[in-house]
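Everything on this sheet refers to the single structure shown next.
The values are calculated or read from the model by the stated rules, or taken from the named source; none is laboratory data. What you are looking at is a predicted structure, and each value in this text was computed from that prediction instead of being measured. Cβ atoms come from the backbone with ideal geometry, glycine included; neighbour counts cover every protein chain shown.
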Amino acid sequence: MNAPAGRPQCGHTQAFGLDTGPVSTAPVIEPEFFAREREAIFRHQWFNLLKRADEIPNPGDFFVRDIEVLGTSVVVARGPDGQVRAFHNVCTHRGNRLVRAADGCVKGWQCDFHGWTYATDGTVQFVPDEGQFFDLDKSKMGLPSVHLDTWAGFLFVNFDDAPRQTLEQAMGDFNQDLKPFPFDQMICAGRWRYHVKANWKVTMNAFQEGYHVAFVHKRSAPDAFTGTDNPYCNISHMKLQPNGNQHLSVPGNPAHDLSPTEQIAFKFGSTFTQGTGGRGAYPGTQQDKSADWGFELNILFPFSRINVGAGWYYLDAFWPVSQNETVYELAYYFPKPKSAAEMISQEFSKIVLRDLSREDLYTNEVTQRALNSGAIKNITLSDQEAAVRHLYRTVERLVGR
Ligand code: FES
Ligand SMILES: [Fe+2]
């Protein structure tokens, strides 16, 4: 088929210095490769916890995240002094898991094994029968800290003893390209977690190309992102950073035939399947570089994203668990609704995104099972799948394959 007028059909892959050959399936099916990823990548990267510092605004507010790939759990809490800190979720007495709740607001935590108590700044407050211990210095028994930093208000942790780069360095070009987005003017409107039986790269790669849209989403989004001028959802603007970060502009279809529900929903704010909806440029986006702008995917290597649209954004992460298991987590942010109509409008966009994601996740599991058969040793990628290739090549380089 000829390239539709005005649509770039090639140039992403070679523009970013990538090869054009086949890509091995070993990195998504071999347990040994996953073990090497853990040591070479995951132990050293900043992880976006998909939560903002302003979502734990009060002293004592906390939340817990289990990081399966590193076999650990982290507690993030705002201390009595107002400072946010991150700790390993482990009691320093005999190593029991300290915090069982997922989140909350507390004065401190008490270990349920022998009752040691800790304040939300990580210091030990009370040791039962303390006189039985030998030279116990409580000031040295605080919770082990985890490196924590924020970027545009988002909380990140790093489990390295000495992180190899600052969070700002890890964000690369997003410091200029994405940071101006008004993240602080929106609040979390919904959060989901899915357990997916697929490798984290198989899962994530289905979310960073438009080639599948006309097929996987043919019923749920028959013409929102594809149309006669762009039938295969070609990505018109792509930026692949040497550190593994990626930016993709997903096109919208200017001829998208709004359903009656969309017509009502978009009148009151949300625009997930309608690009800007005629609302003009949005700060921190690359609208000017993309014809028929829809929304943007911003991938923070290795596995989280900050995806922005005109008046909304969503955070997601493809948390690796094993070579064929991933936890997909998604949090959707909107301006605080000022009316019931705006709330319903936002609910509509949330559900559309949820359903689209579930279609992708189902395909991921089917793909993984087929890959596990070992019947093919390589996959074949088009220029429109340059971001997929970039992820594989970045991982292979770091793992040393
Ligand atoms: S392990 Fe926590 S008090 Fe003993
Ligand atoms: Fe999709």
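Of the residues that sit in the range 325-346 and are part of a helix (DSSP H, G or I) and without any contact (Cβ under 8 Å) to a residue 24 or more places away in the chain, which one is nearest to PRO31 (Cα to Cα)?
Only one residue fits best here, namely MET343.
Being among the basic types (Lys, Arg), touching a strand residue (DSSP E or B) at 6+ places or on another chain (Cβ under 6 Å) and farther than 18 Å from LEU248 by Cβ is the requirement here; does ARG193 meet it? Can you show your working first?
Numbers: among the basic types (Lys, Arg): yes; touching a strand residue (DSSP E or B) at 6+ places or on another chain (Cβ under 6 Å): yes; farther than 18 Å from LEU248 by Cβ: yes.
Yes, satisfied.
As a summary of the residue check, PHE225 satisfies the conditions (1) surrounded by 15 or more Cβ atoms within 10 Å (Cβ to Cβ); (2) in contact (Cβ under 8 Å) with a residue 40 or more places away in the chain; (3) under 20 Å from PHE318 (Cα atoms) except for the one numbered (3). Of all residues in the range 359-393 being within 23 Å of the chain's Cα centre (by Cα) and free of Cβ contacts under 8 Å to residues at least 60 places away in the same chain, which is farthest from ligand 1 (Cβ to nearest atom)? If we take residues in the range 359-393 being within 23 Å of the chain's Cα centre (by Cα) and free of Cβ contacts under 8 Å to residues at least 60 places away in the same chain, then VAL366 is farthest from ligand 1 (Cβ to nearest atom). Inspect all residues belonging to the range 78-85 and state whether any of them is in a helix (DSSP H, G or I), in contact with a Phe, Trp or Tyr (Cβ under 9 Å, 6 or more places away or on another chain) and more than 16 Å from ligand 2 (Cβ to nearest atom). Within the range 78-85, none of the residues are in a helix (DSSP H, G or I), in contact with a Phe, Trp or Tyr (Cβ under 9 Å, 6 or more places away or on another chain) and more than 16 Å from ligand 2 (Cβ to nearest atom).
Taking the conditions (1) farther than 30 Å from GLY190 by Cβ; (2) among the basic types (Lys, Arg); (3) at pLDDT 95 or above in turn, ARG7 satisfies each one other than (3). Just give me the residues in the range 200-221 being more than 8 Å from ligand 2 (Cβ to nearest atom) and within 18 Å of HIS390 (Cα to Cα), in sequence order. Once the filter is applied, which keeps residues that are more than 8 Å from ligand 2 (Cβ to nearest atom) and within 18 Å of HIS390 (Cα to Cα), the range 200-221 yields TRP200, LYS201, VAL202, THR203, MET204, ASN205, GLN208, GLU209, GLY210, TYR211. A Cβ distance below 9 Å, combined with a sequence gap of six or more or placement on separate chains, defines the contacts here; from the range 291-303, residues that are among the basic types (Lys, Arg) reach no residue that is buried (at least 24 other Cβ atoms within 10 Å of the Cβ). Return yes when SER73 is in a strand (DSSP E or B), away from ligand 2 (no atom under 16 Å from the Cβ), of a type in the set (Gly, Ala, Ser) and surrounded by fewer than 19 Cβ atoms within 10 Å (Cβ to Cβ) and no when it is not. For SER73, the condition - in a strand (DSSP E or B), away from ligand 2 (no atom under 16 Å from the Cβ), of a type in the set (Gly, Ala, Ser) and surrounded by fewer than 19 Cβ atoms within 10 Å (Cβ to Cβ) - is met.
Residue pairs whose Cβ atoms lie under 6 Å apart, sitting 6 or more positions apart in sequence or on different chains, and linking a residue in the range 79-103 that is within 11 Å of ligand 1 (Cβ to nearest atom) to a partner that is acidic (Asp, Glu), do not occur here.
Whether any residue in the range 33-51 is more than 19 Å from the chain's Cα centre (by Cα) and part of a loop (DSSP other than H, G, I, E, B) is what I want to check. No: zero hits. Scoring HIS195 on the criteria (1) touching a helix residue (DSSP H, G or I) at 6+ places or on another chain (Cβ under 8 Å); (2) touching a residue at least 60 places away in the same chain (Cβ under 8 Å); (3) more than 22 Å from GLY294 (Cβ to Cβ) leaves a single failure, condition (1).
Summed over the range 361-390, residues that are part of a helix (DSSP H, G or I) and among the small types (Gly, Ala, Ser) total 3. Residues considered: ARG354, ARG393, ARG358. Of these, the only one that is part of a helix (DSSP H, G or I), in the same structural domain as ILE264 (by TED's automatic domain parsing), over 26 Å from LEU258 (Cβ atoms) and among the basic types (Lys, Arg) is ARG393.
For the range 205-212, indicate whether the set of residues that are farther than 21 Å from PRO337 by Cα, charged (D, E, K, R) and surrounded by fewer than 20 Cβ atoms within 10 Å (Cβ to Cβ) is non-empty. The answer is no; no qualifying residue exists.
Among the listed residues GLU209, GLU262, which satisfies the condition of being among the acidic types (Asp, Glu), more than 16 Å from ligand 1 (Cβ to nearest atom) and within 19 Å of the chain's Cα centre (by Cα)? From the options GLU209, GLU262, the qualifying one is GLU209. Within the range 187-239, no residue satisfies the criterion of being in contact with a Lys or Arg (Cβ under 9 Å, 6 or more places away or on another chain), of a type outside the set (A, V, I, L, M) and in a helix (DSSP H, G or I).
Considering only residues in the range 161-199 that are within 16 Å of ligand 2 (Cβ to nearest atom) and at pLDDT 95 or above, the one that is surrounded by the fewest Cβ atoms within 10 Å (Cβ to Cβ) turns out to be TYR194.
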